[in-house]
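Any read-out appearing in this document is the output of simple, stated calculations on the displayed coordinates, not a laboratory observation. Because the structure is a prediction, the values reported are computed rather than measured. Here the Cβ is made from the backbone with ideal geometry for all residues, glycine too, and neighbour counts use every protein chain on show.
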Amino acid sequence: MKCIIVDDEPIARLGIKKLIQQFPELQLIDSFNNAEDAACFMETNPVDLVFLDIQMPGINGLEFAKTISGTTLIIFTTAYAEFAVDSYEVDAISYLVKPIDPVRFGKAIEKAISYHHLLVNEENKKKESIQCIGNEHIFVKSDRRFFKVSLKDILFIEGLKDYVIIQMEEQRIITHMSMKAIHEMLPQSIFLRVNRSYIVNKEKIDSFDNNDLFIKSYELAIGNFYREQFFEDFVKKK
C-alpha cells in the first residue's frame, strides 16, 4: 500500500515514519507539512492510505479529508481526542491519539490492509448492489454472488466511501450501497444508527457509556446527533 504522511510537526512525521517502517505491506512515498502540498501531490500520484493530522495551519485535516475520494483510506493521527466523532463524518477508518501507541497503530494498519483489499476488489467489478430483505436474513450481492446473511449474526454495518461493510464475528462483506439506503431497508426494531458511519445490532451491544459503545472487541463512538436517539431507543426501551 502506498501511503503518505500529512502533519505540520517534524517530530510527529518522524515518529509515524518509524512506525510505518515496521510494516512491509506499507510503502511511504512522501510526507508533507501541510494539506495544500499533499493535495497537489495526490492529483498526479496514486495514494492508498493517508496518515493525517487535524490541527494544521491553512487547511486542517478534517477539511482536507472531505476532498479525498476514491479508494484512498484515511487514518487520523492527532493530539486532540475530542475530534474522534468528527472523523466519522469523513469515513476515516481509524483515529490515533498522539503519542501513538504501537499496538493501536498495528491494529489500524491491519484494518487498513483488509479494507484496501476489499475496496480494490470491488472497484474492479461492476458497481451494482441488489439487496433483498427478509424477516430474518438479507441477501447481499458482493463479489458477483449473493450471500445469505442472518440478521442475528450481524454485529454492525460500517460505511466506507460509496460502500457498506457488513461485519460479523468471523466474516465481513462489502457491497456498493449507501448507509442511508441500507438503514432504511433494515428493521428498526433490531438496528440503530449511532453515528454517520455505523449502524449497530442492538442485541450485540455489550456495554456503553455516554460517548462510546462496545461490541466484542470493537469500540464505536456515539455521535452527538445520534446520542439522544440512542438513549431513547436503546436504553429507555430496554
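Couple of notes before you dig in:
- Degrees separating the helix 10-20 axis from the principal Cα axis of the chain, which is the longest one: 60 degrees
- Shape category assigned to region 72-125 from the gyration tensor of Cα positions, a/c cut at 1.5: oblate
- Projecting label points 7 angstrom from Cα along Cα→Cβ for PHE214 and GLU82 puts them 2.5 nm apart.
- Label point 7 Å beyond Cα of ASN224 along Cβ direction - residues of region 181-210 with amide nitrogen under 15 Å: 195-196
- Residues considered: ILE75, ILE157, ILE138. Largest GNM mean-square fluctuation over the chain, using C-alpha springs under 10 Å, is found at ILE138.
- Modelled label positions at ARG172 and LEU14, each set 7 Å beyond Cα in the direction of Cβ, lie 3.4 nm from each other.
- Degrees between helix 102-123 axis and first principal axis of the chain (Cα, 0 to 90, nearest 10): 70 degrees
- Where trypsin sites (Lys or Arg not before Pro) fall in DSSP loop in region 1-102, at most 15 other Cβ within 10 Å: LYS66
- Region 130-238: radius of gyration and largest Cα-Cα distance (Dmax), Å: 13.4, 42
- Packing-based ranking, highest mean first, of 87-94, 226-233 given that Cβ atoms within 10 Å are counted: 87-94, 226-233
- Backbone geometry of region 28-35 corresponds, through the Karplus equation with coefficients 6.51, -1.76 and 1.60 at θ = phi - 60°, to 3J(HN,Hα) couplings of 6, 9, 5, 9, 9, 9, 7, 6 Hz, x marking Gly and Pro.
- Rg/Rh for the chain, where both radii come from Cα atoms and Rh is the Kirkwood radius: 0.97
- Normalised by the number of residues in the chain, the mean separation of alpha-carbon contacts (under 8 Å, six or more apart) gives a relative contact order of 11 percent.
- Rough spin-label spacing in nm, given labels placed 7 Å along Cα→Cβ, for SER114 and GLU89: 2.8 nm
- Peptides 28-41, 180-193 ranked from most to least packed, by the mean per-residue count of other Cβ atoms within 10 Å: 28-41, 180-193.
- Pairs of Cα atoms farther than 27 Å apart, region 62-200, %: 22 percent
- The Cα-based radius of gyration and maximum Cα-Cα distance (Dmax) for region 1-140 are 16.2, 55 Å.
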